[in-house]
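Asker: I'd like to ask some things about the structure below.
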Amino acid sequence: MNVKDRILHEPSYVLHRHDWSESSLVLEVFTRHHGRIALIAKGAKRPSSNFRSVLLPMQPLRLSWSGKEEVRTLKSAEWGGGHVMPHGERLLSGYYLNELVMRLMAREDPHPDAFDAYVLAMHALQGEGAKEAVSGLRAFEILALQALGHLPDLQTQAHGGALQPHGAYRLTAEGGLQPEWEPEQTALSGEQWQGLDHALQAAAPFEALQHTWSTLPGSARAALRGQLKALLHYHCGMQNLRTRHITHTLQQL
C-alpha cells in the first residue's frame, strides 16, 4: 500500500457510529486535516477489542487509518486526553454539535478552523458555568458558518453601505444584513453586529465571540440565536435537526 494512503495519529472526534456487522462498526469522524470521513472499525464490538472503550463521541482521539476508498479502515485509536464526556443537558448539546457537523460539512472537505472551534466548544461544555456552555455553542455556530463561507459580511448592509450604529438589522440567509424597520425583538443594532465582526477578527475569535455574546442584552441574544438557527436551517437543506426537536420536547415536558 502506498504510504500516502496511510494516515497516522490524526486529531479526530467520533460524530456518529452504527453497526456494520456482528462485530464491526462504521464511524463518521471529524478530523482536523481531512474533514469528515467514514471509517470501518473491524472487530470493535468484540469484548477483547482495544477500540471498544475508546471510540466514544465527544472524546479527543488520535486515529490512524489506511485505504483510499470512500470508507477507510481504522488501524489504531488512542484517547487524546483532556476533557471527559459532558453530562445531562450538555450531553445533548454535544450531540447537537455533532449533528450540525454531519449536516453542514461534506465528506473529505477539511476545515481546520471549524475543527479547532469544535474542540473549544467541547471544552466549553465542560465548564462550570451555564453561560460558558451556551456562549460556546453560539461561537461554534458563527465560526462554522464563517469557515464554510455561509456567514454574510457583518460590516455592511445587504445592498451596500456601512451599518449605522443605532440602526436595526436582521441577518438573512440569502440577503445578508437587512434593515429592520420594526425591530421589536428580532434585530440587533449596527453597533452590535460590528462588535461580533470585530470578535471574528480577533487573535482568539472563539473566546472573543463568547465574550461578545455574554455582553449582549438578553433581547439581543435571543434575536441572534433565532437568526443563527434560521441561517443554519437554511444551509442544512431546510431539514430540522433531531437534537433540536428532542430539546424542544424535553423543555415542554
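Asker: Between a residue in the stretch 1-26 that is at pLDDT 95 or above and in a strand (DSSP E or B) and any residue that is surrounded by fewer than 16 Cβ atoms within 10 Å (Cβ to Cβ) and of a type in the set (D, E), which pairs come within a Cβ distance under 7 Å, given they are 6 or more apart or on different chains?
Answerer: L25/D19
Asker: Next question, about the same structure. M122 - would you say it is under 10 Å from the mean Cα position of the chain (by Cα) and of a type in the set (A, V, I, L, M, F, W, C)?
Answerer: Yes.
Asker: So, one more: Mind telling me which of the residues H198, H245 ends up being open to solvent by 60 Å² or more (accessible area, probe 1.4 Å) and at pLDDT 95 or above?
Answerer: Selected residue: H198, the only one of H198, H245 that is open to solvent by 60 Å² or more (accessible area, probe 1.4 Å) and at pLDDT 95 or above.
Asker: Restricting to the stretch 159-172, give me the number of residues that are open to solvent by 40 Å² or more (accessible area, probe 1.4 Å) and within 20 Å of H235 (Cα to Cα).
Answerer: First pass over the stretch 159-172, keeping only residues open to solvent by 40 Å² or more (accessible area, probe 1.4 Å): 159-162, 164-166, 170.
From what is left, the residues that are within 20 Å of H235 (Cα to Cα) are 170.
Number of matching residues: 1.
Asker: Considering only residues that are touching a strand residue (DSSP E or B) at 6+ places or on another chain (Cβ under 9 Å), open to solvent by less than 60 Å² (accessible area, probe 1.4 Å) and over 23 Å from D116 (Cβ atoms), which ones fall in the stretch 22-42?
Answerer: S24, L25, V26, I40, A41
Asker: Would you confirm, using the coordinates I've provided, whether G35 is touching an Asp or Glu at 6+ places or on another chain (Cβ under 7 Å), within 24 Å of H123 (Cβ to Cβ) and in contact (Cβ under 8 Å) with a residue 60 or more places away in the chain? Walk me through how you get there before you give the answer.
Answerer: Details: touching an Asp or Glu at 6+ places or on another chain (Cβ under 7 Å): yes; within 24 Å of H123 (Cβ to Cβ): yes; in contact (Cβ under 8 Å) with a residue 60 or more places away in the chain: yes.
It is true that G35 is touching an Asp or Glu at 6+ places or on another chain (Cβ under 7 Å), within 24 Å of H123 (Cβ to Cβ) and in contact (Cβ under 8 Å) with a residue 60 or more places away in the chain.
Asker: So, one more: Could you tell me how many of the residues in the stretch 162-209 are under 23 Å from A147 (Cβ atoms) and among the acidic types (D, E)?
Answerer: Looking only at that region, the number is 3.
Asker: Still on this model: Within the set of pairs 6+ apart or on separate chains, which have a first residue in the stretch 165-180 that is under 13 Å from L228 (Cα atoms) and in a loop (DSSP other than H, G, I, E, B), a second that is at pLDDT below 90 and not acidic (D, E), and C-beta atoms under 8 Å apart?
Answerer: Listed pairs, sorted by first residue: none to list.
Asker: Determine which single condition H150 fails, assuming it passes every other condition in (1) more than 18 Å from R221 (Cβ to Cβ); (2) crowded, with 16+ Cβ neighbours inside 10 Å; (3) at pLDDT 90 or above.
Answerer: Going through (1) more than 18 Å from R221 (Cβ to Cβ); (2) crowded, with 16+ Cβ neighbours inside 10 Å; (3) at pLDDT 90 or above one by one, H150 breaks only (2).
Asker: Still on this structure, please answer the following. In this structure, does A203 turn out to be of a type outside the set (D, E, K, R), loosely packed, with under 14 Cβ neighbours inside 10 Å and at pLDDT 95 or above?
Answerer: Answer is yes for this residue.
Asker: Let me ask you something else. Out of the stretch 129-146, which residues are open to solvent by less than 40 Å² (accessible area, probe 1.4 Å) and either in contact (Cβ under 8 Å) with a residue 40 or more places away in the chain or in a helix (DSSP H, G or I) (or both)? Write out each step before concluding.
Answerer: Restricting attention to the stretch 129-146, the residues satisfying the condition of being open to solvent by less than 40 Å² (accessible area, probe 1.4 Å) are 129, 133, 135-145.
Those that are open to solvent by less than 40 Å² (accessible area, probe 1.4 Å) and either in contact (Cβ under 8 Å) with a residue 40 or more places away in the chain or in a helix (DSSP H, G or I) (or both): A133, S135, G136, L137, R138, A139, F140, E141, I142, L143, A144, L145.
Asker: I need a count of the residues in the stretch 56-84 that are out of contact with any Ser or Thr (no Cβ under 7 Å at 6 or more places or on another chain), within 17 Å of I7 (Cα to Cα) and in a loop (DSSP other than H, G, I, E, B).
Answerer: Residues flagged as out of contact with any Ser or Thr (no Cβ under 7 Å at 6 or more places or on another chain), within 17 Å of I7 (Cα to Cα) and in a loop (DSSP other than H, G, I, E, B) within the stretch 56-84 amount to 5.
Asker: Go through the residues of the stretch 57-77 one by one and say whether even a single one is modelled with pLDDT under 95, closer than 23 Å to L148 by Cα and open to solvent by 60 Å² or more (accessible area, probe 1.4 Å).
Answerer: The answer is yes; a qualifying residue exists.
The values are calculated or read from the model by the stated rules, or taken from the named source; none is laboratory data. No experiment lies behind these values; they were computed from the predicted model shown. Positions of Cβ are generated from backbone atoms using ideal geometry, with glycine treated the same way; all protein chains shown enter the neighbour counts. When the accessible area is computed, the model is the full protein with side chains, heavy atoms only, and any ligands, DNA or RNA have been set aside. Shrake-Rupley method; radii C 1.70, N 1.55, O 1.52, S 1.80 Å.
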